[in-house]
């Protein structure tokens, strides 16, 4: 017989960034840009402006690097789980040396500056320590999640389902 009851989950959400374009589309864009740059590079070289060539190549290399970084960033996620006794924030990939963040929901304050501003932040405060979550989300989604989290925290604090 199981005498250990599982805690009631009041909120469980997986926050993820908006998906990037598929790899084949990114490769297609990179090839088109490379072809255009090659045409310009040949044109400049035929006119004697060959020093432009490395910059045209660097342009394509930087674009490829930006696409790669975008694909890496799109794999981030934050799992937010709230029970009456624990608010757990699990991040993947795990930031260096930072395990899950665990807070007591009774002491958590949700703070979000102007939701209409693109650079707004969603912060959770507890005992003078701030945790920023959902930084990769669009402002409207971040605001909507903040409201759901506030409602779930209210239920956790007031003992209502």
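The values are calculated or read from the model by the stated rules, or taken from the named source; none is laboratory data. Everything numeric here is computed off the predicted structure, so don't read it as measured data. Reconstructed Cβ throughout: ideal geometry from the backbone, glycine too, with neighbour counts over all protein chains shown.
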All but one of (1) assigned to a loop (DSSP other than H, G, I, E, B); (2) farther than 30 Å from residue 30 by Cβ; (3) free of Cβ contacts under 8 Å to residues at least 40 places away in the same chain hold for residue 135; state the number of the condition that does not hold. (2)
Given the criteria closer than 18 Å to residue 135 by Cβ, loosely packed, with under 15 Cβ neighbours inside 10 Å and either in contact (Cβ under 8 Å) with a residue 60 or more places away in the chain or assigned by TED's automatic domain parsing to the domain that holds residue 145 (or both), does residue 85 qualify? no
With the structure loaded, tell me whether residue 137 is surrounded by 17 or more Cβ atoms within 10 Å (Cβ to Cβ) and either modelled with pLDDT of 95 or more or more than 27 Å from residue 19 (Cα to Cα) (or both) or whether it fails that test. no
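Yes/no matrix, rows are residues, columns are (1) surrounded by 11 or more Cβ atoms within 10 Å (Cβ to Cβ); (2) at positive phi; (3) over 26 Å from the mean Cα position of the chain (by Cα):
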site	(1), (2), (3)
19	no, no, no
34	yes, no, yes
63	yes, no, no
68	yes, no, no
76	yes, no, no
109	yes, no, no
So, residue 96, is that one touching a residue at least 24 places away in the same chain (Cβ under 8 Å) and assigned to a loop (DSSP other than H, G, I, E, B) or not? no
